[in-house]
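The values are calculated or read from the model by the stated rules, or taken from the named source; none is laboratory data. Since the structure is predicted, the reported quantities are computational estimates derived from the model, not experimental observations. Glycine also receives a Cβ, built like all others from the backbone with ideal geometry; neighbour counts cover every protein chain displayed. Areas reflect the complete protein model, heavy atoms only, side chains present, ligands, DNA and RNA absent. Shrake-Rupley method; radii C 1.70, N 1.55, O 1.52, S 1.80 Å.
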Amino acid sequence: MQLVVARIGRAHGIKGEVTVEVRTDEPELRLAPGAVLATEPATAGPLTIETGRVHSGRLLLRFEGVKDRTAAEALRNTLLIADVDPAELPEDPEEFYDHQLMDLDVVLADGTEIGRITEITHLPSQDLFIVERPDGSEVMIPFVEEIVTEIDLEEQRAVITPPPGLIDESEAVVASAREESEGTGDSGAKGEEA
């Protein structure tokens, strides 16, 4: 099975290093020197990692055969793909690979069906489940412990406790800058007198 583990960003310096956007919880395993990675587009690879280091909070990689800034810049936006045994599990039991979560049924704690996971989007702050509902519409569920309370791989389901408005917009609570009951018409700002 193939998993996207990183996306190549811009070139760094003049000796062929590139920044990478890490898309794996195990970069020390998947992006280690010597790792051979397939690419998307396939014409850019395969690429073998020569060196890796962290600089200002970003992972920098250098690939064998990529010796200058021009060659590094040509790799920009290339996806790095690792071959992973489908039976392999992450070390942490609270972590999951995307392929384990795809097509899970999403249900409320009381068993009410919400839909099934059709896509997982990785954002800098959190991951999102894209859930297709029975009527064909989609809803985005943040993959955070407060909302996704259980992942049961044996039962092939994800149990959620969504806040009001996440699943049904009619339940949304609109936050207001001030309560209607105050209704003074004064914005509360005090101007300086001349």
Mean projected area (nm²) of the alpha-carbon convex hull when the range 1-64 is viewed from all directions | 4.4 nm²
Measure off, as a whole percent, the carbon and sulfur share of the 1.4 Å-probe accessible area of the range 1-109, all protein chains present.
-> 51 percent
So, with +1 on the Cβ of K and R and -1 on the Cβ of D and E, and no other charges, what is the size of the charge dipole of the range 1-111 about its Cα centre, to the nearest 20 debye?
-> 1140 debye
Answer in debye to the nearest 20: the dipole magnitude of the range 57-163 about its Cα centre, from +1 Lys/Arg and -1 Asp/Glu charges placed on Cβ, is 900 debye
Would you mind getting the accessible area per residue of the range 1-93, heavy atoms of the protein chains only, 1.4 Å probe, in Å²?
-> 57 Å²
Euclidean distance between Cα centres, the range 97-175 to the range 1-50, Å = 30 Å
Tell me which residues come under 5 Å, amide H to amide H, from Glu119 once H is placed; ignore anything under 5 positions away on its chain.
-> Ile130
